[in-house]
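Report on the structure given below.
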Amino acid sequence: MELNKIYKTGRIGIGLTLIFLVSCNAQKTISLKKKQFSDMVYPLLDTENSRWFYFSSASRPFGMVNLNPDTEINSDWGGGYKYTTDTVKGFSHVHEWQMSGVSIMPVTLAAKDKQTIFKDFYSGFSHKNETITPGYHSVKLDRYQITAELTSTLRVGFHKYTFPVKAQKAILFNLNTILGPCENTNGKLEKNNDYELSGSLVLGTNFRRPKPLTVFFKIKTNKPVTFIERDNVTGNYLVNLNKTTEQLLMKVGISYTSIESANNNIETELAHWDFNKTVADSRKEWSSLLGRIKIEGGTETDQRRFYTDLWHALQGRKMISDANGTYPDNTGDKFRVGHLPLDADGKPKFNHYNSDAFWGAQWTINNLWGLVYPEIMEEFVYSLMQYYKDGGIIPRGPAGGNDTYVMTGASATPFIVSAIQKGIVKKDLEEIYIALKKNHMPGGIMEKAGYEHNTNIGGGLKYYLEKGYVPYPLPEGHFGSHEDGASQTLEYAYQDWTLAQLAKKLDHEEDYNYFMKRSKNYQNVFDSSTGWMRPKNVEGKWRENYDPYQYENGFIESNGAQSTWFVPHDIEGLAVLIGGKEKAVAKLNAQFETAKNQNYISGTSHDAELHPEFSRIPVNFGNQPSMQTSNIFTLLGRPDLTQYWTRNVVKETFSGLSPATGYNGDEDQGLMGSLNVLLKVGLFQMNGGTDKDAVYQIGSPLFNKISIDLNPKYYSGKTFVIKAAGNSTENVYIKDLKFNHKKVQNFSLSHQDITNGGELILEMSNKPNP
């Protein structure tokens with residue numbers, strides 16, 4: 001479908017010569033030649049509940065550089081760009097999982113400012129003088145009357161500063177500071193010539209990332225630099241410019257390996273000085289990825305929210321490798337510079353990445369990337385395997401070249417198995433299997449609790465193997481975060497099942513039987529007398545005075561009512577424990593009826609989950625442990641309830657465009673954005689696409705028509721189209737469905753069916769069809 005049809009169905013006039021870009025409370029217009037998909041994005045979504053790595057503006061998909069204004073610093077949660085703060089405290093280049101750095105601020109100087117500018121350089125601003133779109137950010141600094149414009153390539157930040165005519169101009173490099181989740185120390189800057197600077201700083205450690213990392217950077221300007229001043233108190237630098245300089249262009253290339261690689265990143269990615277071309281290239285790149293899914297129907301707000309969700313699904317998890325393939329390896333006792341394998345043309349075969357946890361990825365990026373962006377999924381598998389080759393373990397959340405051990409279990413296993421089952425990863429399967437199996441055995445990552453760097457106890461794996469469950473509390477004591485034995489048991493059982501599917505594919509029959517037996521361990525924490533999952537202590541006794549609605553009472557970032565349904569690999573087996581499918585349906589439906597009163601969330605932000613009232617909700621779509629629950633009904637034989645509740649969750653929880661709300665919880669680098677896309681498209685994979693056929697369950701799409709372009713490198717089909725005849729806010733039920741003119745059984749299609757291409761025709765109704 002042509003883009004102008006999207007704008008037409010979204011009630012945006014086709015004849016407009018101006019397009020809408022996001023600003024404060026209204027939309028601001030700038031002249032652009034042609035509408036593109038990226039213009040549908042609302043970047044300010046949920047920015048009142050921001051997180052250091054959450055907001056993104058002047059960046060490329062998965063880029064090393066994430067350049068945008070910081071209004072809050074010295075904070076991870078609530079840090080970075082926060083909509084309700086009206087002060088710019090610098091423009092920094094690294095907004096990533098446990099990493100932050102290279103902050104720059106253009107200033108003008110009066111004589112009195114020379115003594116104080118190093119400590120007092122913040123500037124107020126107004127959202128009215130701000131323009132944001134994917135790949136571009138412009139803001140006017142009120143204190144200095146400077147207009148700052150930002151864009152980037154993958155590894156190079158590109159700045160454009162327009163100064164007041166008569167002022168003395170300078171650039172402050174705030175290299176020794178605390179930005180987001182870590183301190184910046186040992187900042188250095190030197191002038192190489194009148195047009196080039198170079199420097200470095202050290203990202204300090206924290207309990208999640210206990211090894212330091214150096215960021216190197218190269219600066220190139222189109223106007224001469226006069227001289228540099230260093231402040232002895234702060235250790236920061238002031239780069240002075242000629243008073244006659246009215247506009248400055250500045251390139252900032254970064255690298256985690258060397259200044260030479262930072263310079264090479266500039267030479268490789270940004271050899272020219274055409275700022276507008278870089279903005280246009282970024283806009284085109286974003287639009288190319290966003291445009292793989294084309295939608296018709298719904299309101300303008302529905303459509304804009306959809307592409308904002310999709311944008312979030314593609315902006316987390318940043319690369320750490322250079323254009324030449326060098327990357328930081330912090331997995332060993334000593335830091336080393338690694339080198340990615342090169343292709344015949346001397347280019348890296350893949351990029352290397354930082355990443356927050358894959359915890360919950362089975363219901364989010366597994367499904368979305370595997371269908372729409374298989375090349376991204378393949379690259380991430382190779383990156384995870386590079387960590388294994390360097391450090392001997394597949395990580396679950398690497399930062400700075402080493403695992404942070406964020407969350408629990410072997411959360412990367414379902415992700416990698418899904419990529420294999422979908423035919424995305426075809427090479428070195430035995431090596432991959434050996435690496436995955438290592439994580440599930442003694443000595444592997446399942447032994448470690450969250451952020452447990454120096455011991456292998458908090459995961460409770462030895463008890464899981466001996467007793468069939470992880471006890472709560474752990475008798476040895478506290479060794480890391482999330483030592484919540486019932487949740488750990490549930491996670492391990494599911495992850496064991498996914499590994500068993502790969503073992504079967506590779507004809508490891510003994511391993512298949514072994515891990516399938518382990519996958520039944522979820523049964524050991526189900527208490528039939530109460531009908532809930534329930535923690536046990538090391539002696540096998542149920543937790544006394546157990547309250548299934550008490551938050552984190554043996555369950556990770558959830559309560560027992562929510563996590564009772566965390567058996568994605570065996571919903572039918574869970575139903576048997578509950579007393580049959582009818583009882584299971586009634587139980588889950590009652591939980592949704594109760595959760596509806598709180599819009600299916602524990603408050604509108606992640607920290608609100610700790611609220612004594614909000615935390616007692618029986619279903620929470622603001623965090624990973626129960627975000628799959630509305631799709632469970634399909635597997636229990638009640639797809640009508642999946643259709644009803646999913647559409648209601650979308651309507652009440654994941655609709656609208658506002659800085660005040662959006663994901664109502666924890667958007668872990670694209671996971672919540674991906675979930676939203678899947679719920680609105682009406683495709684879901686309960687087991688994360690890890691079964692042999694990688695089956696999708698079909699739900700109720702929000703739009704009348706959805707066209708997904710299939711990557712020809714991976715899939716034989718050209719497009720997969722969903723048409724929902726008679727779709728509306730009332731007609732949420734599927735009366736009939738056919739795929740390529742054939743009846744669809746059990747509301748499911750295999751990955752191969754979908755990727756061979758064709759049309760799924762849904763006939764919608766306002767009456768349930770159980």
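From the list 14, 30, 104, exactly one residue is more than 30 Å from residue 671 (Cβ to Cβ) and either crowded, with 19+ Cβ neighbours inside 10 Å or at pLDDT 95 or above (or both). Which is it?
Just one listed residue meets the conditions, 104.
From the set of residues in the range 212-265 that are small (Gly, Ala, Ser) and assigned to a loop (DSSP other than H, G, I, E, B), which is surrounded by the most Cβ atoms within 10 Å (Cβ to Cβ)?
235
I need the full set of residues from the range 109-168 which are among the acidic types (Asp, Glu) and free of Cβ contacts under 8 Å to residues at least 40 places away in the same chain, in order please.
113, 120, 142
Could you list all residues from the range 394-417 that are part of a loop (DSSP other than H, G, I, E, B) and touching a residue at least 60 places away in the same chain (Cβ under 8 Å)?
Hits for the range 394-417 are 397, 400, 401, 404, 405, 406, 407, 408, 409, 410, 411.
Would you mind telling me which numbered condition in (1) of a type in the set (Gly, Ala, Ser); (2) under 28 Å from residue 258 (Cα atoms); (3) assigned to a strand (DSSP E or B) residue 180 fails?
Checking residue 180 against (1) of a type in the set (Gly, Ala, Ser); (2) under 28 Å from residue 258 (Cα atoms); (3) assigned to a strand (DSSP E or B), the one that fails is (3).
May I ask you to list pairs of residues, at least six apart or on different chains, whose Cβ atoms are under 8 Å apart, with the first in the range 571-594 being not assigned by TED's automatic domain parsing to the domain that holds residue 632 and the second being modelled with pLDDT under 95?
none
Out of all the residues in the range 243-302, which are of a type in the set (Phe, Trp, Tyr) and within 24 Å of residue 218 (Cα to Cα)?
Across the range 243-302, the qualifying residues are 256, 273, 275.
Test of understanding: among 186, 174, 240, 236, which residue is in the same structural domain as residue 124 (by TED's automatic domain parsing), out of contact with any Phe, Trp or Tyr (no Cβ under 8 Å at 6 or more places or on another chain) and either of a type in the set (A, V, I, L, M, F, W, C) or at pLDDT 95 or above (or both)?
None of the other options fit; the residue is 186.
Conditions: (1) modelled with pLDDT of 95 or more; (2) part of a loop (DSSP other than H, G, I, E, B); (3) of a type in the set (S, T, N, Q). Residue 386 meets all but one. Number of the miss?
Of the numbered conditions (1) modelled with pLDDT of 95 or more; (2) part of a loop (DSSP other than H, G, I, E, B); (3) of a type in the set (S, T, N, Q), the odd one out for residue 386 is (2).
So which of 349, 334 ends up being of a type in the set (Lys, Arg) and touching a strand residue (DSSP E or B) at 6+ places or on another chain (Cβ under 9 Å)?
349
Looking at residue 530, is it under 29 Å from the mean Cα position of the chain (by Cα), under 26 Å from residue 553 (Cβ atoms) and part of a loop (DSSP other than H, G, I, E, B)?
Answer is no for this residue.
Restricting to the range 616-646, count the residues that are in a helix (DSSP H, G or I) and over 19 Å from residue 548 (Cβ atoms).
13
Filter the range 183-211 for residues that are assigned to a loop (DSSP other than H, G, I, E, B) and in contact (Cβ under 8 Å) with a residue 40 or more places away in the chain; which is surrounded by the fewest Cβ atoms within 10 Å (Cβ to Cβ)?
Once the filter is applied, the top-ranked residue is 207.
Can you name the number of the only condition in (1) touching a Gly at 6+ places or on another chain (Cβ under 6 Å); (2) part of a loop (DSSP other than H, G, I, E, B); (3) closer than 30 Å to residue 264 by Cβ that residue 377 fails?
All conditions pass for residue 377, except number (2).
Which one of these is assigned to a loop (DSSP other than H, G, I, E, B), of a type in the set (D, E, K, R) and surrounded by fewer than 18 Cβ atoms within 10 Å (Cβ to Cβ): 426, 520?
Result: 426 is the single residue among 426, 520 that is assigned to a loop (DSSP other than H, G, I, E, B), of a type in the set (D, E, K, R) and surrounded by fewer than 18 Cβ atoms within 10 Å (Cβ to Cβ).
With respect to residue 374, determine if the residue is more than 29 Å from residue 566 (Cα to Cα) and either among the polar types (S, T, N, Q) or in contact (Cβ under 8 Å) with a residue 12 or more places away in the chain (or both).
Considered against the rule, which asks whether it is more than 29 Å from residue 566 (Cα to Cα) and either among the polar types (S, T, N, Q) or in contact (Cβ under 8 Å) with a residue 12 or more places away in the chain (or both), residue 374 comes out as no.
Return the pair list, or none, for Cβ contacts closer than 8 Å from residues in the range 418-438 that are farther than 16 Å from residue 366 by Cα to residues that are aromatic (Phe, Trp, Tyr) and surrounded by 13 or more Cβ atoms within 10 Å (Cβ to Cβ), at least 6 apart or on different chains.
Within 8 Å, the pairs are 435/388.
If residue 68 meets every condition in (1) part of a strand (DSSP E or B); (2) in contact with an Asp or Glu (Cβ under 8 Å, 6 or more places away or on another chain); (3) at pLDDT 95 or above apart from one, which number is that one?
Here residue 68 clears every test but (2).
Condition check ((1) modelled with pLDDT under 95; (2) buried (at least 21 other Cβ atoms within 10 Å of the Cβ); (3) farther than 27 Å from residue 691 by Cβ) across all residues:
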residue: 445; (1), (2), (3): no, yes, no
residue: 454; (1), (2), (3): no, no, yes
residue: 466; (1), (2), (3): no, no, yes
residue: 477; (1), (2), (3): no, no, yes
residue: 483; (1), (2), (3): no, yes, yes
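If the requirement is being crowded, with 17+ Cβ neighbours inside 10 Å and free of Cβ contacts under 8 Å to residues at least 40 places away in the same chain, which of these qualifies: 325, 346?
325
Here's the yes/no breakdown for (1) of a type in the set (Lys, Arg); (2) closer than 15 Å to residue 681 by Cβ; (3) outside any loop (DSSP other than H, G, I, E, B):
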residue: 273; (1), (2), (3): no, no, no
residue: 283; (1), (2), (3): yes, no, yes
residue: 295; (1), (2), (3): no, yes, yes
residue: 298; (1), (2), (3): no, yes, no
residue: 303; (1), (2), (3): no, yes, yes
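Please specify each residue of the range 136-154 satisfying the condition of being closer than 29 Å to residue 255 by Cβ and out of contact with any strand residue (DSSP E or B) (no Cβ under 6 Å at 6 or more places or on another chain).
Within the range 136-154, 153, 154 qualify.
The values are calculated or read from the model by the stated rules, or taken from the named source; none is laboratory data. The structure displayed is predicted, hence computed values, not measured ones. So basically every Cβ, Gly included, is an ideal-geometry build from the backbone, and we count neighbours across all protein chains shown.
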